[in-house]
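Undergrad: Provided herewith is a single structure, encoded as structure tokens, for subsequent inquiry.
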Amino acid sequence: MTNTSRLIKVKFPIFQRSQGVFCLTSDEFITTWKEVPDVLSEVKIETKNGLIRVFFDWDKHIETIKEFERLNSYYTLENLYRNVFTEQDIPQKLLNEDILEIDCFIEFTTLNGKEVLDEEYVDRIIEHYLENLLVLIFLTANISAPGCFDCFSHDLRSESGLELYEFSSSVLESARENGKEHKLFRLDRVELDTVWNWITNLELGYRQIAFNTTERALFSLLHVCKENQITPTTIIWTSLALEALYDTPKSQITKTLFRRILLFLDIKEKDKKTFRKKLYDFYNFRSRFVHGDFNINNPLSNTILEEKIWSYESEILEASYFGLSIVLATIQKMIVNNLKSIKL
């Protein structure tokens with residue numbers, strides 16, 4: 001048995017939001033991040049090579065959260081319109097800072113009987129397992145409060161090579177806002193420790209290929225986040241997540257999904273007609289794209305050259321956000337009810 005330790009500094013972009021006023025963070029985001037130090041300060045990872053223990057130092061982040069709370073107290077909608085705050089009111093250090101650096105202390109203990117690993121190989125093992133853990137934390141935080149943890153950064157990706165920086169939560173935040181706007185089903189914040197315990201009990205570990213329907217849905221959601229933009233393929237990943245969660249047969253997909261979602265998310269009688277139309281519109285997009293009956297846009301999507309791009313993208317956005325809001329609401333309800341899968 002051998003013990004190895006490393007100190008790795010992991011950088012995160014600070015609260016990059018796609019929704020909301022100016023640089024405000026939401027109260028739900030703040031609440032979730034306040035829970036982070038108690039839930040995610042120490043994590044153990046069982047690997048085929050041994051045990052990895054990761055200790056996160058969130059102290060600096062706690063201070064940053066306090067600054068964001070103070071910032072929010074100044075940047076209310078009323079004050080924005082009245083322009084009543086001065087430079088002295090604004091924590092300039094916070095506004096000028098765009099990266100948060102977290103110290104990760106890592107201990108790696110090899111199993112009995114395992115040969116001593118060379119330093120370079122140990123470094124690779126630690127980096128890959130840490131990255132996988134950080135992606136699970138990204139997923140956990142954004143199920144707790146969709147949009148609260150956005151890792152996307154071209155600069156950080158090129159600096160460290162971690163794929164973590166290709167994941168963005170902006171799409172999930174927009175989907176959450178869409179769901180709250182339509183009020184067809186419940187979509188709230190779930191306590192971080194509740195989400196983390198659920199994720200942990202799924203025993204995803206370092207799995208790279210989905211083992212069951214719930215894992216297929218979660219991995220599909222991560223693919224959506226890694227694209228960092230809404231495209232027709234977002235609808236495909238979202239439909240895969242929906243069909244996995246509701247264990248949908250290959251025939252009569254839309255009818256079966258409609259019936260099962262109604263039951264699980266408790267769609268009210270007065271909302272069934274609206275919900276049916278939106279779900280069928282979503283699957284109409286999916287079918288047209290899959291079967292080649294969809295007008296494909298130029299990847300440039302330049303609205304100056306052709307204004308029709310606005311309406312084209314708007315339709316895709318609306319359908320995608322609606323589908324994703326169902327996925328998020330479903331996963332949240334599974335977590336609250338401690339369900340690993342849905343049986344209807």
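Undergrad: A 24 angstrom limit on the alpha carbon distance is what I want to check against. Which of Lys250/Lys340; Lys180/Lys343; Lys11/Lys60; Lys268/Lys343; Lys11/Lys44 exceed it? Walk me through the numbers on the way to the answer.
TA: On the way: Lys250/Lys340 22 Å; Lys180/Lys343 26 Å; Lys11/Lys60 12 Å; Lys268/Lys343 20 Å; Lys11/Lys44 21 Å.
Over 24 Å apart, Cα to Cα: Lys180/Lys343.
Undergrad: At a Förster radius of 25 Å, what calculated FRET efficiency corresponds to the Cβ-Cβ distance of Asn337 and Glu181, to the nearest 0.05?
TA: 0.50
Undergrad: Right, next: Going by how many other beta carbons lie within 10 Å of each one, how would you line up Asp281, Asp118, fewest first?
TA: Numbers: Asp281 15, Asp118 9.
Ranking Asp281, Asp118 by Cβ neighbours within 10 Å, fewest first, gives Asp118, Asp281.
Undergrad: Once every Cα of the stretch 130-207 carries one equal point scatterer and solvent is ignored, give the base-10 log of I(q)/I(0) from the Debye formula at q = 0.26 Å⁻¹, two decimals.
TA: The Debye formula, applied to the Cα set alone, gives -1.17.
Undergrad: In addition: Tell me, in nm to one decimal, what length is gained between Ile99 and Ile8 on full extension, where the rule is 0.36 nm per residue of separation less the Cα-Cα distance?
TA: 31.2 nm
Undergrad: May I pose another question? With 10 angstrom as the radius, rank Cys148, Cys225 by how many other C-beta atoms surround their C-beta, starting from the fewest. Could you put the intermediate results ahead of the total?
TA: Working: Cys148 27, Cys225 22.
Neighbour counts put them in this order, fewest first: Cys225, Cys148.
Undergrad: Could you give each residue of the stretch 193-202 its phi-based ³J(HN,Hα) in whole Hz, using Karplus coefficients 6.51, -1.76, 1.60 with θ = phi - 60°, and x for Gly or Pro?
TA: Rounded to whole hertz, the list is 5, 5, 5, 4, 4, 5, 4, 4, 5, 5.
Undergrad: Kirkwood Rh, the stretch 111-243, all Cα pairs: how many Å?
TA: Working: mean 1/r = 0.0610 Å⁻¹.
So the Kirkwood estimate lands at 16.4 Å.
Undergrad: Quick one: give the max-minus-min coordinate of the C-alpha atoms of the stretch 191-335 along each principal axis, largest first, in Å.
TA: For the stretch 191-335, the Cα extents along the three principal axes come out at 51, 39, 31 Å.
Undergrad: Oh, and also: When a footprinting reagent is the concern and you count Cβ atoms within 10 Å, what order do Tyr165, Tyr129, Tyr280 take, fewest first?
TA: Working: Tyr165 22, Tyr129 19, Tyr280 13.
Final ranking by Cβ density, sparse to dense: Tyr280, Tyr129, Tyr165.
Undergrad: Hey, another quick one. Averaging over all projection directions, find the projected area of the Cα convex hull of the stretch 171-228 and quote it in nm² with one decimal place. Provide the component values of the computation, followed by the final result.
TA: Values: hull surface 19.7 nm².
The Cα convex hull of the stretch 171-228, projected and averaged over all directions, gives 4.9 nm².
Undergrad: Something else now. Put a dot 7 Å past each Cα toward the Cβ at Asp193 and Asn302; how far apart are the dots in nm?
TA: In this crude spin-label approximation the distance works out to 5.5 nm.
Undergrad: For Asp281 and Lys44, what does the FRET efficiency come to when R0 = 41 Å and r is the distance between their Cβ atoms, rounded to the nearest 0.05?
TA: 0.35
Read-outs throughout are calculated quantities, based only on the coordinates presented, and are distinct from any laboratory measurement. Just so you know, these numbers come straight off a predicted model, no measurement behind them. A quick note on method: Cβ atoms are made from the backbone with ideal geometry, for glycine too, and the neighbour counts reach across all protein chains shown.
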